[in-house]
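Here the structure is laid out as structure tokens; the discussion comes afterwards.
Read-outs: derived from the displayed coordinates by stated rules, not from any lab. It should be emphasised that the depicted structure is a prediction, and the values quoted were computed from it without experimental measurement. Don't worry about glycine lacking a Cβ; one is built from the backbone with ideal geometry, like all the others, and counts go over all protein chains shown.
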Amino acid sequence: MKDLFKGPLLEETVLFVSILKWVLLAAAVGSVVGGATALFLKLLQTTITLAKDWNHYYLLLPFGLAASALLVRYLAPDAEGYGTEKVIEAVHQSAGRIRLAVVPVKLLATAITAAVGGSVGQIGPCAQIGAALSSLLADLVRFDDADRKKLVICGISAGFASVLGAPIAGAIFGVEVLFVGGILYEVLLPSLVAGIVASQVASALGISYFQLAIGAVPSFSQLFFWQIVLSGLFFGCCSVVLVEMMKVGGGFARRIRIWPPLRGLIGGTILVGLVPLVSTAYLGFGIDELQAMLQGAQCPWYGFPLKILFTSMTFAFGGTGGIIAPTLFSGAAAGSLFGDLLGLDRSAFTAIGMVAVLAGAANTPVSASILAIELFGAGLAPYAAVACVISFLMTGHRSLFPTQILGIRKSSSMDVEIGHAMGDVHATPHIRSRSVIGAGRAFEQSFERTCRRIWHRLRLK
């Protein structure tokens, strides 16, 4: 037995113990987070069902946003806004330390926000709750900062996976979302275990998942391939609109310098005034509307910007919840619009838009591509992956999550400092003489000089 701890077997022994340790810890995290997610989702569903018994439930929006702002301000400020961003901030700035008080406050504030019609999601809160519970476990076993971060990342993955029933996408999301352009391979195994266990536990406790195999996928052709490329560019532009509108909403609310709960009353009143002009389809989670779009139902052309507007206003004026589900809804609405504009299969491009806008806005092209496989089947996966990567690149150096750390330049023609938080990144175009844009600019300047010479000679004649 002593020979295991010396000589050529030393490395394998250490790795064996490390693997066993993290599989057991990740399974524990997955079990706890899966159970907590199931409880949270059932509470949400019960609360929303009770609220919707009254047809005009959205009239309570001002009071719901005010109550959410009040809870967060005085009980757990870390529960403010959307959960994924707060977890990313905690990992980068405080080694993954998250106060346990975040769990009940986030749960209650999200339930209130969603029940009155606030446009939020349930994925971010579950990721934040999972991270907080993982942080507690790290305290109990007295982990150092490095191991604490790994355990908290497992909590993110478990929360994502247990809500969507997508364990692989959830695992990759947890290790991809922290750094733009980087994947934390050292946390890949425990994240996978945590995601798989969490989704299985939540399913065993009665949580059902929506999955739809997109059967009407057009066969490959050069025309269809270029349509996919075009869709990726379109969805990247939609991601830019989403990120910028969220910033604008937050900036608008901050200019109203009053007590936050009172600000929630004002924002909720504005939203109540908007509902009769459109519909209640853009309130709450929008799960029924999302499923209808994926099955081919037409979405109005204004569905994409309206969902973003309702989401931005909800968060800006005190609502709390998740941003990923509204992003998926917005992407689906954008995909439906793209299919209608080009006369293409609406269902297929709704599914592609759903994951591609997430890939661009959250800078997570790999997990978004895998999510397409887990939700829609392998037939759509190659096309969705191409659109996801193009959308990711097209979005530029922007993010829904300002504390993400930039790990790459998305183009060698951009001057940008790597290693900074996305909220502090300022990208400046750097046109190289041998690049396509540089060659185009040189041609433009040469053409302009030629035209001037010709004009000068004509005037002399």
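For the reader, a short list of remarks on this structure follows.
- Subset of LYS21/LYS106; LYS21/LYS150; LYS149/LYS247 violating a 24 Å alpha-carbon distance limit: LYS21/LYS106; LYS149/LYS247
- Sum of side-chain charges, GLN295 neighbourhood, beta-carbon under 13 Å (Lys, Arg +1; Asp, Glu -1): -2
- About its Cα centre, the dipole of the chain is roughly 1620 debye, where the only charges are +1 on Lys and Arg Cβ and -1 on Asp and Glu Cβ.
- Net charge, LYS21 excluded, C-beta distance under 11 Å - Lys, Arg +1, Asp, Glu -1: 0
- Packing-based ranking, highest mean first, of 340-349, 75-84 given that Cβ atoms within 10 Å are counted: 75-84, 340-349
- Backbone N within the range 12-55 under 20 Å of label point (7 Å from SER203 Cα along the Cβ vector): 26-42
- Karplus 3J(HN,Hα) series, Hz, for the range 237-253 with 6.51 cos²θ - 1.76 cosθ + 1.60 (x for Gly, Pro): 5, 5, 5, 4, 4, 4, 4, 5, 5, 5, 5, 4, x, x, x, 4, 5
- Think of the chain as having a plus end and a minus end, set by charges on the Cβ of Lys, Arg, Asp and Glu; of GLY273, LEU205, GLY321, GLY273 sits farthest toward the positive end of this dipole.
- The 3J(HN,Hα) values that the Karplus relation (6.51, -1.76, 1.60; θ = phi - 60°) gives for the range 24-29 are, in residue order, 5, 5, 5, 5, 5, 4 Hz. Gly and Pro appear as x.
- Among [x] 1.04; [y] 0.98; [z] 1.09, the entry derived from the coordinates for Rg/Rh (Cα atoms, Kirkwood Rh): [x]
- Among 181-187, 388-394, 353-359, sorting by the average number of other beta carbon atoms lying within 10 angstrom of each residue, highest first, gives 353-359, 388-394, 181-187.
- Ranking VAL103, CYS126, LEU151 by how far each Cα lies toward the positive end of the dipole of the range 2-204 (charges on Cβ) leaves VAL103 at the top.
- If the chain linking TRP226 and LEU20 were pulled fully straight, counting 0.36 nm for each residue of separation and taking away their Cα-Cα distance, it would gain 69.5 nm.
- Charged-residue dipole, Cβ positions (Lys, Arg, Asp, Glu), the range 125-188 about Cα centre, Debye nearest 20: 100 debye
- Overall, the range 222-406 carries a charge dipole of about 740 debye about its Cα centre when +1 sits on the Cβ of Lys and Arg and -1 on the Cβ of Asp and Glu, all other atoms neutral.
- Karplus-derived HN-Hα couplings along the range 300-314 (A = 6.51, B = -1.76, C = 1.60, θ = phi - 60°), whole Hz, x at Gly and Pro: x, 4, 8, x, 5, x, 5, 4, 5, 4, 5, 5, 4, 5, 4
- Summed residue charge, Cβ within 9 Å of ASP139's Cβ, Lys/Arg positive, Asp/Glu negative: +3
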